[in-house]
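I have placed the structure first, in the form of structure tokens, so that the comments after it can refer back to it.
The values are calculated or read from the model by the stated rules, or taken from the named source; none is laboratory data. From a predicted model like this one, the values you see are computed outputs, not experimental measurements. For neighbour counting, all protein chains shown are included, and Cβ atoms are generated from backbone atoms with ideal geometry for every residue, glycine included. Side chains included, ligands, DNA and RNA excluded: accessible areas come from the protein's heavy atoms. Shrake-Rupley method; radii C 1.70, N 1.55, O 1.52, S 1.80 Å.
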Amino acid sequence: MEILVCLKQVPDDSVEIHLKPGTEEVNLDGVTPVVNAFDTYALEMATRLKEAVGGNITAITVGPEKARDAVKTCLAVGANQGYVISDPTFEGADTLGRSKILAAAIRKLEADAGKPFDLIFCGREATDKASGQVGPQLAEALGVGVVTDLVDIQQTDAGVQAKQETEEGYRLVDAPLPCVVTVNKPPYDPRYPTIKSKLAARKMPIPTLDAAALGGVAPGAAGSHVVKVYEPAKRQAGVKLKEETCEETVAKAIAMMADAKVL
């Protein structure tokens with residue numbers, strides 16, 4: 001099975017991010033870029049599928065040259081080859097533009113290899129923007145089906161069967177190949193690279209595809225724009241009640257809520 005995993009390099013979401021004083025510019029000084037968490041879930045799911053049925057995994061990312069580190073990480077934990085899609089004209093592309101760029105890159109890789117990708121994995125969303133639009137938009141650009149919010153997948157005679165998470169629970173979706181899938185957090189964690197796999201990944205070539213290599217593709221005018229960037233309001237500290245009995249604690253809590261007019 002030929003599998004492709006789309007990934008994005010984002011700021012480490014375990015670090016508290018702030019705006020630069022007096023501006024709407026995000027301050028990323030000293031913040032380490034990492035592979036988007038949902039994309040690591042997608043890669044792990046793709047790797048488990050490859051181990052079960054055989055195949056090959058290609059990892060690609062749209063971003064600056066420093067995004068090469070994200071691809072190296074993927075090469076160390078399951079991907080067989082990777083590419084960085086980078087060009088000055090791609091900077092500032094919104095989700096629709098990024099989807100067009102990815103689609104052009106996928107068509108080129110398929111043409112070069114002489115065979116199509118059977119399955120294209122994307123993370124559910126990126127932790128820096130969290131729009132969740134690239135996967136479905138990519139499927140539309142490629143003219144294939146899409147299944148979102150997967151937590152498991154397996155191959156069937158007719159294609160794949162995806163376990164999809166919904167607000168009401170889970171459902172199984174049968175999909176023919178080729179198709180695009182977006183991955184939510186599965187019931188297992190991504191694997192860690194070993195020292196041996198890290199060293200091997202460092203030696204692997206990671207070609208860069210620019211706009212010319214993709215046939216002069218341009219993301220076009222942005223279909224969306226940022227209206228405002230601001231930090232969320234700080235939560236006020238809670239109040240601890242230490243009364244003698246549960247009844248007294250409940251009574252005091254109700255009185256405090258009544259005074260605050262939240263009852």
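Right, Ala130: under 30 Å from Val26 (Cα atoms) and modelled with pLDDT under 95 or not? For Ala130, the condition - under 30 Å from Val26 (Cα atoms) and modelled with pLDDT under 95 - is met. Of all residues in region 195-244, those being over 19 Å from Ser86 (Cα atoms), part of a loop (DSSP other than H, G, I, E, B) and open to solvent by 60 Å² or more (accessible area, probe 1.4 Å) number 20. Considering only residues that are of a type in the set (D, E, K, R) and out of contact with any helix residue (DSSP H, G or I) (no Cβ under 9 Å at 6 or more places or on another chain), look in region 68-97 and name the one that is most open to solvent (accessible area, probe 1.4 Å). That would be Glu91.
Just give me the residues in region 127-163 being open to solvent by less than 20 Å² (accessible area, probe 1.4 Å) and either polar (S, T, N, Q) or not in a strand (DSSP E or B) (or both), in sequence order. Across region 127-163, the qualifying residues are Gly135, Leu138, Ala139.
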